[in-house]
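Below: the structure, in structure tokens.
All of the numbers you see were taken from the coordinates with simple rules; none came from a lab. Remember, it's a predicted structure, so these values are computed and weren't measured experimentally. Note: ideal-geometry Cβ built from the backbone for every residue, glycine included; neighbour counts use all protein chains shown.
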Amino acid sequence: MIIAKNLCKKFDDDQILDCINMNVKKGSIYGIIGPNGAGKTTLLNHLAGVYKEDSGEVKINDQDIYENASTKQSMAYMQDEIYAYPQYTIKNMANFYKEMYTNWNEDRYKKLKEIFDINDKKRITKLSKGMKKQVAFCFALSKTPQILIMDEPIDGLDPIARKKLWNIVIDDVAKREMTVVISSHNLKELENMCDTILILDKGKSIIEKSIEALRTDVHKIQFVLENQDQEEELLNEINIINSEKSGSIRIVVVKGEWNEIEEKINKYNPILLDRLSLTLEEVFIYEMEGQGYEIKNQTI
Amino acid sequence: MKSKIKLFNKAIFKSTLKLNMWVPILNFVLLFLMMLMPIMAQKMLLKYEDQDYLGAVKNIINLSNGEFNILVLLIIPVILGAVVTRFMQNKLQNIHIHSMPIEKKQIYTTNVIAGFILLIIPIIINIFGMLLILGPSVFSQCGNEIVSWTYIAFSLEFLIFALTIMVGTLIGSSLMQTIFTYILLVFPVGIYMLIQSTLKIFIIGYAFKESIVESSLAMKLSILPQTFMVESSYLREKNMTENLYLIYILVAIVITIISYFIYKARKVEKTGDIVVFRKLNPILKYGITFCFMIAIGMIVYAIFNESMTHMIVAYAVTSFVAYFLAEMLIRKSVRVLDSYKGYLVYVIVMLIIFAGIKMDITGFENRVPNIGDISKVSYTLISDYSNNVELTTQENKEAVLEIHNIILSEKAHSKMYSRGGSKNYFDIEYVLKNGRKMSRQYTLEYSSETQKEIETIEKVIFASEEYKKQAYEVFDKENINWIGITLYGEEIAHISKKEEIKELIDLMRKDTLLMIYEQRMKESQATEKIKFVNEILIEKHVEQNENYERSTSLYYNDDFKNTKEWLIEHNYYPKS
């Protein structure tokens, strides 16, 4: 559906995107995560066909997206900060999109307006940040897009509006097989929504993995062996990402199939063997540490 | 049909019109205040049949005293050009518009067409307004003036609009776009004059006639002064006959098309940068440095009494400051000192250029043509204010060359500006047999011996028939039908008989040919010797038509023996 291959972009001398590869499947929700300045918005601007890549390619349904008006008809891009013509009311802007997008659905627009309790006689520039986001979301969804690209969509939204937004997105993905690309600097926010996560840092893609794979792949366990001397032996047998000891209890983060790992530990007759719950955030942190990124608790 | 749709987008078109409607409204209000309201006032003050009424209305439409009207021509199209390219300069809007299902081609053409419509609406409404106020009969009597106003206003506004758009495609901020547009509107003539004047300082003999600036190409390319010239009916007519306004319209169309390709190549993310194409940064940087350097250098040179030292110090200081300021502007940061290498390159290049000019590596200063190569030469006698005369005889060419060589031997005393009159000013222009021209101008301070030397040679030129025939108007005017004789500015007699006119002119020609070098200054010197006669001016009137008559004063002095005798004989000579 959406494919980026070796996508590179420089702003003057700064490498903003460095050889990004990504693959978004139809009907999936794809999350892009990274700290400020990682290149998330720049990447989305490429996916939305706003920026032209310096090298590499960005294709949607096997077509270049840059300057591709017909593909853009079935796309909606919700910018981080909504743009609206000065003096325009919400209604004016809706009418503008109605003329611009052939798939604009007035009924959907009316429903969305109701859901978010929007008074469309108000000027957009006078709205609060959160209200602007909700309005932008209504516009985006009224275009009945096949692809929805959202840059930090929930930033500044209250919990109720967030919930509404997610429900609508998930509903559209389920019913219409809409493809969604979302960026956020908050992993927790996306962990329950996305099928696949891409982590960006300083323009580089660090991990692109499906949540499913991550969850079954990394495990946090604590164990105590009968014979403490065999611990070293065991640790060499399994694929350790992180390991620490508190008293006689050994806590490790391990990569691999759970059954295999369990089998290996059981051979050493553990007195205690527990699987601990692992948040996605921890999985990522361990995964990144595993790839050589040092994530320290930095203090000043 | 499909291609038509592809060039145009209704949603964008409507929004551009709607958002920027205030510009034509403002434009119309200004036009109303400056044209329609004064016309209405005239209508109330004067009666229809009154000739003054028509004249007054015509004057208003003609932009006589139309400074404010001219300001409208200069301001409105820049505002319009800036607002229709606003989408490129506002970061959010830029991303927004380019994320929509519309190609760059559509975005550009739609916005430009909308802007163009907003530009012409007030012009059209203004015409209808005039029709309404004046009524069909007066309106048609003012037809010429109305057509010419519409044509000129449209041509200038369209060109300025197109230029603003072009600057907008190159620059990433609306404010800078406006500033650079106005710079561009005066740039050609500004840089032309600066470079010419600078060369005149550095190269002795370099000819730069300020009088030709007005008709120069640089002036034609400078829209701001051109717009101000609209006020003068003479220049307007001249531009009309040269089809300048038509050319402006064509140029505007070409610029609009070129701007599309610039916009197409422009990257969306460059918004906010001063120059959106990196390759243009050096041009901007060195351009600013150079222009500031020679402009400030020129001012310092004039202020500090033509001091070359002061000027060079000014060059060094200004170029340094301007270079790093430009760098700051481009980088949008004050940390620019690391770009000092670029400045060193500039300094080295400038040193080479100016050293080359100063050392005269092309031999410009000492070059004098071979007599055999000269087809003709124009030369003005010292202390003579009249036009240059073209000399072709071998004797005269030799004389000019001889004077030229004297000047060159004195060139160390060359000055930029003459002080205390133009006594020491020389203007020589050779036309060579190969068709090329060689012009030299000098302002010298020299000793009385040198002056005598030059005068001795000038006597030869003065004595020649070709000199007199060009220098004195009595030779080139035919069909004179009236001669007035004035004394102290008051006419005391006139001659209108054809035979008498012919006799008098023939005698004056004869006396002019007989006049010697020393006599030519007599008019101003002889007042005390011969009290009144030398004040006689002989006027002739030619080209009399219904509107005006043109008169010329012919040179006469009391040494014109044959003329004087004839005047006495025919009782035209003033009695003491």
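State the answer as a single residue: which of A:Thr125, A:Ser70, A:Gly27 lies farthest towards the positive end of the charge dipole of the stretch A:1-135, with beta carbon charges of +1 for Lys and Arg and -1 for Asp and Glu, about the Cα centre.
Ranked along the dipole, the leading option is A:Thr125.
So how far apart, in nm, are the two label points at B:Lys58 and B:Ser215 if each is 7 Å from Cα heading toward Cβ?
Output for this residue pair reads 2.7 nm.
Let me confirm one metric for peptide B:9-18, namely the mean number of other chain beta-carbon atoms within 10 Å of its residues' beta-carbons.
For peptide B:9-18, the averaged partner shielding equals 3.
Project the alpha carbons of the stretch A:162-223 onto their principal axes and report the range along each, largest first, in whole Å.
If we take the Cα atoms of the stretch A:162-223, the spans are 43, 33, 21 Å.
Determine, from the Cβ-Cβ distance of A:Asn259 and A:Arg215 and an R0 of 22 Å, the FRET efficiency 1/(1 + (r/R0)^6), rounded to the nearest 0.05.
Calculated transfer efficiency: 0.90.
What is the order of B:Ile124, B:Ile505, fewest Cβ neighbours within 10 Å to most?
Lowest to highest Cβ neighbour count: B:Ile124, B:Ile505.
Ranking A:Cys19, B:Cys291 by Cβ neighbours within 10 Å, fewest first, what do you get?
Least crowded to most crowded, the residues run A:Cys19, B:Cys291.
What ranking of B:Glu473, A:Glu231, B:Glu157 emerges when the number of other C-beta atoms within 10 Å of each C-beta is taken as an exposure proxy, fewest first?
B:Glu473, A:Glu231, B:Glu157
What is the list of residues in the stretch B:277-311 whose amide nitrogen lies under 15 Å from a point 7 angstrom out from the Cα of B:Met328, following Cα to Cβ?
Zone members listed by number: B:289.
Whats the longest run of chain B with zero chymotrypsin sites (Phe, Trp or Tyr not before Pro) that are DSSP loop and have at most 12 other Cβ atoms within 10 Å?
Longest run free of exposed loop sites: B:49-384.
222 nm [θ] for chain A, helices only, -39500 (n - 2.57) per DSSP H run of 4+, per residue, to 500?
When only DSSP H runs of four or more count, the value is -10000 deg cm²/dmol.
Would you mind computing, in nm to one decimal, how far apart the modelled labels at B:Gln394 and A:Asp13 are, each placed 7 Å from Cα along Cα→Cβ?
7.1 nm
Give me the lysines in straight-line cross-link reach of B:Lys43: C-alpha distance below 27 Å, same-chain residues under 8 apart excluded.
Within the straight-line cut-off, B:Lys43 pairs with B:Lys58.
When N counts the residues of the stretch B:118-186, how does its alpha-carbon radius of gyration compare numerically with 2.2 N^0.38 Å, as a ratio?
1.50
Do any trypsin sites (Lys or Arg not before Pro) in the stretch B:277-375 lie in a DSSP loop with no more than 10 other beta carbon atoms within 10 Å, and if so, which?
In loop regions of the stretch B:277-375 (DSSP not H, G, I, E or B), the sparsely surrounded trypsin sites (Lys or Arg not before Pro) are B:Lys332, B:Arg335.
Please report, for the Cα atoms of the protein assembly as shown, the Rg to one decimal and the Dmax as a whole number; what are they, in angstrom?
My reading of the Cα-based Rg and Dmax gives 41.6, 153 Å.
List every residue whose amide H lies under 5 Å from the amide H of B:Ile203, counting only residues 5 or more places away in sequence or on a different chain, with H placed 1.01 Å from N in the peptide plane.
none
Net charge near A:Leu280: determine it from the other residues with C-beta under 14 Å of the C-beta of A:Leu280, scoring Lys and Arg +1 and Asp and Glu -1.
Surrounding charge for A:Leu280 is -4.
Measure out, as a whole number of angstrom, how far apart the alpha-carbon centroids of the stretch A:66-102 and the stretch B:179-245 sit.
What the calculation gives is 47 Å, centre to centre.
Taking every Cα atom in chain A, find the radius of gyration and the maximum pairwise distance Dmax, and write them in Å.
Both quantities, over Cα of chain A: 23.0, 76 Å.
Over the stretch B:293-340, what relative contact order in percent results from Cα pairs under 8 Å that are six or more residues apart?
That works out to 31 percent.
Just want to confirm a number: the relative contact order over chain B, from Cα pairs under 8 angstrom separated by 6+ residues, in percent.
The normalised contact order for chain B reaches 10 percent.
So for chain A: antiparallel DSSP bridges make up what percent, rounded to the nearest 5?
About 70 percent, rounded to the nearest 5.
Along Cα→Cβ, 7 Å out, is where each label goes; now give me the distance between the ones at A:Arg176 and A:Asn6 in nm to one decimal.
3.6 nm
Report the GluC sites (Glu not before Pro) located in the stretch B:257-363 that are in a DSSP loop and have at most 16 other Cβ atoms inside 10 Å of their Cβ, or state none.
When the GluC sites (Glu not before Pro) of the stretch B:257-363 are filtered for loop state and at most 16 Cβ neighbours within 10 Å, B:Glu306 remain.
Which entries in A:Lys132/B:Lys91; B:Lys238/B:Lys376; A:Lys40/B:Lys332; B:Lys105/B:Lys220; A:Lys143/B:Lys14 show an alpha-carbon gap greater than 27 Å?
Among A:Lys132/B:Lys91; B:Lys238/B:Lys376; A:Lys40/B:Lys332; B:Lys105/B:Lys220; A:Lys143/B:Lys14, the Cα-Cα distance tops 27 Å for B:Lys238/B:Lys376; B:Lys105/B:Lys220.
From the square roots a ≥ b ≥ c of the eigenvalues of the alpha-carbon gyration tensor of the stretch A:21-160, which class results: rounded (a/c under 1.5), prolate (a/b over b/c), or oblate?
Prolate is the answer for the stretch A:21-160, as a/c is 1.5 or above and a/b outweighs b/c.
For the stretch B:284-358, what log10 I(q)/I(0) values come out of the Debye formula at q = 0.14, 0.17, 0.23 1/Å, with one point per alpha carbon and no solvent?
Values, matching the q order: -0.45, -0.64, -1.02.
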